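Report on the structure given below.
The values are calculated or read from the model by the stated rules, or taken from the named source; none is laboratory data. What you see is a predicted model, and the numbers here were worked out from it, not measured in a lab. Counting neighbours? That spans all protein chains shown, and the Cβs are built from the backbone with ideal geometry, glycine included. SASA here: full protein model, heavy atoms, side chains in, ligands and nucleic acids out. Shrake-Rupley method; radii C 1.70, N 1.55, O 1.52, S 1.80 Å.
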Amino acid sequence: MKLWMCISLAMGMSIGCMPKRGETPLRPFTKKVLPNGLTVFVKEVHTVPLVAVFLWARTGSANEPDSLCGISHFLEHMFFKGTKLHPKGEMDRIVKRLGGYNNAFTGIEYTGYYIVVPSEHFSTAFGLLYDAMTGSVFPPEEIELERKVIEEEIRRRDDSPTGKLHQMFLENLFKGTPYARPVLGTSETLARIKREHFLEYLRDYYVPNNVVAVVVGDVETRKVLDEVRSCTQGWRPDPEVTKRLSEINFVPGTEPRTCEVERDVNQTYWILGFPAPGIGEPDEYPLELAATVLGSGRSSRLWRRLVEREGLVTTVSAWYWPLRYAGAFGVEAHFPPENRGKVEEAVWEEIRRLKEEPVGEEELEKAKTMLLADFAYDNESCADIAETLGYYAVVSSVDHALDYPEKVRKVTAEQVREAVRRHLREDAYTLCVLEPKSP
């Protein structure tokens, strides 16, 4: 379910935590838009005395200028480097002293910051996040220190075969669009980012009508809303912010794209991918089920064939990753280089099989059970629920998350077959390969 955090799928799920028909762990909750435009979600969960506090900004690598690619992620690092009220390190010390933890993350279409603490400390947690989001001072010496940290992240990404492969895939599939930008940026763009760029970026995107606050835990909704309203009443909106958000017109390619690179690796790393629809499109749920049947877990078609029966690959998976304006469907495998021809032939055969034969009722129900159990596991804790609500609120609509279980249940075998026919085309794929260097 949570492919926005990493391009992977669970290896198999039990039916034990599957929500009952019509139920979702996300309900009930309260949504309130404050006068300054800040959207606040509050969900009471009284099973444990904890609260998860998230602030999500509707901006990520897709909103960056090419010359400053990576600034969203860089700013995320600077979020913890001090404000006028709290110098560097004080936020971390306070949160740890309260018995909690804090962190942040950046994606293509969002940036998120969070603190999880015992629920009696909600006010302190929210105040710390709000102060950092509106009052970071960006000390020059800290900028240089974090620049080195991110340079090392970029080196690790490029040294990682899977990290490099995924970036190659996105750059080729979404070529010419903001979705092709690397979230971490590049060494060249990183070197250009100065303090004034952070201040401008904060002013352009970190405004209340472009931010979502999510509070989930052992709290009272009315008290949370009163506290958030009081804390943020001086935060001024910007009616022009929506004009600065990228609206991506992605036109899928009409011919195969191939990218092959030799590296110091011992096996071949391989992705065969296809342009796909984004969140909320009719084929979203059929494609999720197609990916589950094809390559999610050890009982999937590709695993049973390529790993267990034919022994051609060390690992194989299939995934569907929807973004706001487009998506990607991929099959990923790692294998000895001499097996490449047989692997590609087998993968195409299994894709054609999905196009030609409707998935059997038992196999389809099993795939649905896996997705619904995955959804339940992804929303077990307060932080999990806050993450789901915030992500969908920022990227699409919370309604898409609320409808997820019922929409999955309603998918038919014929809808899966038609979606595969429409999107997994043999004349419009993207193939990216990392191969061992030739002798």
Sort out for me the strands (runs of 3 or more DSSP E) sitting completely within the range 176-283 that have 2 or more residues that are aliphatic (A, V, I, L, M) and touching a residue at least 24 places away in the same chain (Cβ under 8 Å). 211-217, 268-276
Residues of the range 148-162 being assigned to a helix (DSSP H, G or I) and open to solvent by 20 Å² or more (accessible area, probe 1.4 Å), in sequence order, are 148, 149, 151, 152, 153, 155, 156, 157, 158, 159, 161, 162
If you check residue 153 against the conditions, is it under 25 Å from the mean Cα position of the chain (by Cα), of a type in the set (Asp, Glu) and more than 30 Å from residue 229 (Cα to Cα)? yes
Here are some conditions: (1) modelled with pLDDT of 95 or more; (2) open to solvent by 30 Å² or more (accessible area, probe 1.4 Å); (3) in contact with a strand residue (DSSP E or B) (Cβ under 8 Å, 6 or more places away or on another chain). Residue 281 meets all but one. Which one does it not meet? (1)
Contact list please: Cβ distance under 8 Å, first residue in the range 37-57 and over 18 Å from residue 393 (Cβ atoms) and open to solvent by 10 Å² or more (accessible area, probe 1.4 Å), second residue part of a strand (DSSP E or B) and not hydroxyl-bearing (Ser, Thr, Tyr), pairs at least six apart or on different chains. 48/217; 49/118; 50/116; 50/117; 50/118; 50/217
Residues of the range 77-112 satisfying the condition of being assigned to a loop (DSSP other than H, G, I, E, B) and basic (Lys, Arg): 81, 84, 88
Identity of the residue in the range 321-340, open to solvent by less than 50 Å² (accessible area, probe 1.4 Å) and in a helix (DSSP H, G or I), that ends up farthest from residue 432 (Cα to Cα): 339
Six or more apart or on different chains, Cβ atoms under 8 Å: show the pairs whose first residue is in the range 113-139 and in a helix (DSSP H, G or I) and whose second is among the small types (Gly, Ala, Ser) and buried (at least 22 other Cβ atoms within 10 Å of the Cβ). 119/217; 122/217; 126/213; 133/57
